[in-house]
Amino acid sequence: MRPVLLYVRALVSVPPAVNDHWPALRVGLGVTVPVLVLLIFGHPELTIYAVFGAFTGMYGRGEAHQLRLVHQAQAGAVLLTGVTVGVALSITHIQAWGLVSIEAFLAGLGSLVADKIKLRPAEPFFGIFALGACASIPTVIPLWTAALICAASALFSLLVGFAGWFRNRTWDSTARRTAEPRSGPWLPKAGVHATRYVVAVAAAGALGLLLGIGHAYWAMAAAAVPLAGADLPSRVERGIHRVLGTYAGLGVTAGVLLLHPGTTVLVILVMVLQFPTELFMVRHYGLALVFFTPVILLMTQLASPVDPMSLLADRGLETLIGAMVGITVVLLIRDRLPGAASHRWKTPPSA
């Protein structure tokens, strides 16, 4: 009984802050400026492309400036790839089963890339999410325009992340990124993890389609969440946080959408809610999702308005399906090599 109580306590406890407000301010600024520009020019429906580009600012939060610059440039490339592929699939009117197949394959490939370059937050989650989200909404602009918005937003976040260097202009030529020590060959371990991504994303997407739910990419994204944990307990914990945090966030979103706010209000909320999302992302993933869930749903609603109740119901059901599939996959496909889990970054979770 005592181990269960300790696990529950760990599940709900929120560690103290460690200068989390600075990364949160950087990410908040990185989201606010591009989105505000789109609002001023009368194109709030394009917010989704800017926000995904701005997620570049979530990476390399505790690193020296020159390391963060490289890290965020790599993350920006991953995000831009996800958005570009997603928009291309939307323009070609990809069938649902085709989207599931492509996203599952690219999830596995993205896992290999993220593991090789040591993305932190770990894994290719945001790239996968960007692909599915952009592929699932109607595209009303040319591919190059969507890619340009995403790239410009990513570049701005990269500049925000590097801006602190101008205060003291110090450059540590000996700075190196550190990771948990690896044991044994890299590729076999990374291959096992990539296999988990392919299986989890494909199974969640297929299940969502078979059940006839309208946003299967949410199930695929939710299935990827538990896979980023450093070990089995943390992977299960992430899956639980995903469900509980999303459901609390759906309550917040319902309170907003049922008031039928105008477009400007929705855009402002997307900008404002990104700050508390990043503020708690490292400390408690579930609590961060209380704020992140409205961000995602509101920018989706801006891009392609649908009935709010249908949107909320789909998100809730797809998240539950995806999280359960992800947890099942990590229970079935274990790290079979000694030290296989230890080489992953013990990192802040991804949303």
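The values are calculated or read from the model by the stated rules, or taken from the named source; none is laboratory data. All of these numbers come straight from a predicted model, not from anything done at the bench. Note that each Cβ is placed from the backbone with ideal geometry, even for glycine, and that neighbours are counted across all protein chains shown.
So, in the stretch 64-101, how many residues would count as being surrounded by fewer than 19 Cβ atoms within 10 Å (Cβ to Cβ), more than 20 Å from Y49 (Cα to Cα) and within 20 Å of the chain's Cα centre (by Cα)? Residues meeting the conditions: 3. Selection within the stretch 241-265: residues that are touching a residue at least 40 places away in the same chain (Cβ under 8 Å) and out of contact with any Pro (no Cβ under 9 Å at 6 or more places or on another chain). The member of this set that is nearest to K189 (Cα to Cα) is V243.
Within the stretch 278-325, the set of residues being under 21 Å from R120 (Cβ atoms), outside any helix (DSSP H, G or I) and charged (D, E, K, R) comprises just one member, R283.
Let's see how each residue does on (1) more than 18 Å from P34 (Cβ to Cβ); (2) of a type outside the set (A, V, I, L, M, F, W, C); (3) assigned to a loop (DSSP other than H, G, I, E, B):
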| position | (1), (2), (3) |
| --- | --- |
| V252 | yes, no, no |
| H260 | yes, yes, yes |
| T264 | no, yes, no |
| V267 | no, no, no |
| Q274 | no, yes, no |
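Exactly one residue among G251, G184 is at pLDDT 90 or above and either surrounded by fewer than 16 Cβ atoms within 10 Å (Cβ to Cβ) or within 17 Å of the chain's Cα centre (by Cα) (or both), and that residue is G251.
Filter the stretch 264-323 down to the residues that are hydroxyl-bearing (S, T, Y) and over 15 Å from the mean Cα position of the chain (by Cα), then identify the one that is farthest from V236 (Cα to Cα).
Residues of the stretch 264-323 hydroxyl-bearing (S, T, Y): 264, 277, 285, 293, 300, 304, 310, 319.
If we keep only those that are over 15 Å from the mean Cα position of the chain (by Cα) as well, we get 264, 304, 310.
On the way: T264: 38, S304: 33, S310: 28 Å.
Selected residue: T264.
Remark: pairs (first residue in the stretch 308-331, at pLDDT 90 or above; second residue buried (at least 24 other Cβ atoms within 10 Å of the Cβ) and among the aromatic types (F, W, Y); Cβ separation under 6 Å; 6+ apart in sequence or on different chains) = R315/W218; E318/W218. Flag set for R242, criterion: out of contact with any strand residue (DSSP E or B) (no Cβ under 7 Å at 6 or more places or on another chain), in a helix (DSSP H, G or I), of a type in the set (D, E, K, R) and within 26 Å of Y49 (Cβ to Cβ).
Select the helices (runs of 4 or more DSSP H) contained entirely in the stretch 1-54, then report the ones holding at least 1 residues which are over 23 Å from P124 (Cα atoms), in contact with a helix residue (DSSP H, G or I) (Cβ under 7 Å, 6 or more places away or on another chain) and at pLDDT 85 or above. Lay out the reasoning, then the answer.
Details: elements: 2-12, 21-40, 47-54.
Output list reads 21-40.
Does the stretch 139-155 contain at least one residue that is polar (S, T, N, Q), over 22 Å from D20 (Cβ atoms) and not in a helix (DSSP H, G or I)? Looking through the stretch 139-155, at least one residue is polar (S, T, N, Q), over 22 Å from D20 (Cβ atoms) and not in a helix (DSSP H, G or I).
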